[in-house]
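The values are calculated or read from the model by the stated rules, or taken from the named source; none is laboratory data. Here the structure is a predicted model, which means the values were calculated and not measured. Using ideal geometry, Cβ is built from the backbone for each residue, glycine included, and neighbour counts are taken over all protein chains shown. We work out accessible area using only protein heavy atoms, side chains counted, and drop any ligands, DNA or RNA first. Shrake-Rupley method; radii C 1.70, N 1.55, O 1.52, S 1.80 Å.
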Amino acid sequence: MTSSGTNRAAPPPAAPQGPASSSAAWELLLPAAAAAPRARGRTLQAALREAVRSGRLAPGTRLPSSRELAGDLGVSRGLVTEAYEQLTAEGYLRSDRGAGTWVGGAVRAVGPRARDRAPRPAGVRADFVPGTPDLSLFPRSAWAAAHRGVLAELPHHALGYPDPRGLPGLRTAVAELLVRRRGVVADPERVIVVSGVAQAMTLLGLVLHARGTTRVGVEDPGSPELGSLFASAGVGTVPLPLDDDGLATAPLEASGVRAVVTTPAHQFPTGIAYSARRRTELLDWARSVDGLLIEDDYDGDFRYDRAPVGALQGLDPEQVAYTGSVSKSLAPGLRLGWLLVPASHFEEAVERKRTMDLGNPVLDQALLARLVERGEYDRQLRRCQRAYRERRDTLVAALEEHFPGTKVSGIAAGLHVVATLPDRYGPRDRFMERVTAAGVVVRPSAHYGATAAGGVRLVLGYAHLAPARIRDGVRLMAEAAHGVDARGGPTAR
């Protein structure tokens, strides 16, 4: 750099113990000269801090005099002097009378920038892990239009701390939606907006723990996340087996628990729907022990061969806590869901929700309410249903083509299938080793606590994959299972 109107050489010299040249560091200060006059001081101070934090200006580096730097940047000397004084007071710089200004040694260079730890496996050719919807189906145009409308109409006071239960408009919209689509008994006053089913489980765990509950029953096989969610609330989990009708009642009664998590509309991962008889038996059990059934209706809207079975909560809302979310219908990243609890637990749940987070983000709540009220959410559900039904059919056909004799169990619903391959594709460990080496990610049923007799049993997610990707993925899996790579040669033994 050269100053305007001077012949001063640049960059300024560095002390022997500093880097040989600090010209690159001075480039970080140039935005200060281009900033608006009132912002130049703040901009210069911020740029100096960043240069020291990042290590571009190393400890021991001598800074140019205020006169020299002001000339190089084309700013007033007073502005530079003020910046030096401020950063010296904060510990970034040190100043010795008559010896100049130096970078202090108190600051350590920052580490790498924040990393993304979202679960996205690298180097994968086909990913059949269940649980993720097709995020490209997110209704961006409708969401953007709703955002503009909400910002224009939302009153100022609504941007304050919300009712911990959620915005009245969203609670009303959710209640009407659940009554209409899932047969739930829903009073808007009893709806609690939560950050997805995971928060609902933790919230219920806290309420139960405060009442002295130490254990909650969970389905086996079932979601592996439940153990850690309830553990965070100080509550243990008791695995309870299933039979063809749903959660087996005899082990439930023998366990001594008084609360149990169920997925009656579409059990995860087995894919069964609880029978009417089993639903009645579970309600009878809850009434007899004054217990609580926690119904996770995680994908109840997605049934492809008939209308979805209504929620268990509709049969007895005072014995069933009901929870669901938009994670499968819109996107899990929205972190929006709902929880309905019996009157006996309601006030405790609301107070726990208040102390957890003071309520969910207001704008997102208002946006979802608008989508539901204007029918956009129903349109999104229909769009997803069409896409996921096609993908399920594609997966079943591809399995039959490449793995003849495969048995697909469970109802035609949700975002995954359970596929039991014939015995000739086993043993399971060798099969998993081969497909993993081929870059295909699958989950055996044992991952969720189940054991399979005979052939390899897989839980295959398909909603996030286009039909062509499904067909290619099953082909790759078959080639690996048969000991042939994608080019037709033998795989490594």
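So how long is each side of the range 38-149 along the principal axes, counting just the alpha-carbon atoms, biggest first, in Å?
That works out to 68, 39, 23 Å along the principal axes.
Set the Förster radius R0 to 51 Å, insert the Cβ-Cβ distance between residue 393 and residue 290 as r into 1/(1 + (r/R0)^6), and round the FRET efficiency to 0.05.
Working: r = 45 Å, r/R0 = 0.88.
So, using R0 = 51 Å, E works out to roughly 0.70.
Towards the positive end of the charge dipole of the chain, with charges on Cβ (+1 Lys, Arg; -1 Asp, Glu), say which of 286, 468, 167 has the farthest Cα.
468
Calculate the length of the line joining the C-alpha centroid of the range 316-386 to that of the range 395-443, in whole Å.
34
Mind running the shape call on the range 286-405? Use the C-alpha gyration tensor, a ≥ b ≥ c as the square roots of the eigenvalues: rounded below 1.5 for a/c, prolate if a/b tops b/c, oblate otherwise.
On the way: a/c = 2.44, a/b = 1.47, b/c = 1.66.
Oblate is the answer for the range 286-405, as a/c is 1.5 or above yet b/c matches or exceeds a/b.
Give me a comma-separated list of calculated 3J(HN,Hα) values for the range 219-235, in order, Karplus coefficients 6.51, -1.76, 1.60 applied at θ = phi - 60°, integers in Hz, x for any Gly or Pro.
Taking θ as phi minus 60°, the curve returns 5, 9, x, x, 5, x, 7, 4, x, 6, 5, 6, 4, 5, 9, x, 10 Hz for the range 219-235.
Treating the beta-carbon of each Lys and Arg as +1 and of each Asp and Glu as -1, no other charges, what is the dipole magnitude of the chain about its Cα centre, to the nearest 20 debye?
Values: 61 positive and 52 negative charges, 360 e Å.
Here the chain has a charge dipole of around 1740 debye.
Per the 1.4 Å probe, what fraction of the accessible area of the chain, in percent, lies on carbon and sulfur atoms? Can you show the working numbers first?
On the way: 11830 of 23010 Å².
Here carbon and sulfur together make up 51 percent of the probe-accessible area.
Over the range 203-321, one equal point on each Cα, no solvent: what is log10 I(q)/I(0) by the Debye formula at q = 0.11, 0.13, 0.14, 0.15 Å⁻¹?
With no solvent term, the Cα-only Debye profile gives -0.33, -0.46, -0.54, -0.62.
Could you give the C-alpha radius of gyration of the chain expressed as a fraction of 2.2 N^0.38 Å, taking N as the number of residues it contains?
Normalised Rg, Cα atoms only: 1.31.
Over the range 240-279, calculate the relative contact order: mean separation of alpha carbon pairs under 8 Å at least 6 apart, over the residue count, as a percent. Numbers along the way, then the final one.
Details: 36 pairs, mean separation 17.2, N = 40.
Once divided by the residue count of the range 240-279, the mean separation gives 43 percent.
Rounding to the nearest 20 debye, state how big the charge dipole of the range 220-303 is about its Cα centre with +1 on each Lys and Arg Cβ and -1 on each Asp and Glu Cβ.
On the way: 6 positive and 14 negative charges, 32 e Å.
Roughly 160 debye for the range 220-303.
What number, in percent, do you get for the relative contact order of the chain if the mean sequence gap of Cα pairs under 8 Å and at least 6 apart is divided by its residue count?
Working: 853 pairs, mean separation 77.6, N = 493.
Relative contact order comes out at 16 percent.
Stick to Cα atoms and the Kirkwood definition of Rh, then tell me Rg/Rh for the range 396-467. Intermediate results must be reported in sequence, preceding the final value.
Working: Rg = 11.8 Å, Rh = 12.7 Å.
With Rh from the inverse mean 1/r over Cα pairs, Rg/Rh is 0.93.
Name the residue from 361, 251, 276 whose Cα lies farthest towards the positive end of the charge dipole of the chain, charges +1 on Cβ of Lys and Arg and -1 on Cβ of Asp and Glu.
Checking the options against the dipole of the chain, the answer is 361.
Divide by every residue of the chain the summed helix terms, -39500 (n - 2.57) for each DSSP H run of at least 4, and state the resulting mean residue ellipticity at 222 nm, rounded to the nearest 500 deg cm²/dmol. Before the final figure, lay out the partial values.
Numbers: 16 runs with 197 residues, N = 493.
It lands at -12500 deg cm²/dmol.
Taking the dipole about the Cα centre of the chain, with the C-beta of Lys and Arg at +1 and of Asp and Glu at -1, give me whichever of 106, 124, 229 is farthest to the positive side.
106
In debye, nearest 20: dipole of the range 363-420 around its Cα centre with unit charges on the Cβ of K, R (+) and D, E (-)?
140
Percent of Cα-Cα pairs more than 17 Å apart in the range 110-210, please.
Numbers: 3808 of 5050 pairs.
More than 17 Å apart: 75 percent of the Cα pairs in the range 110-210.
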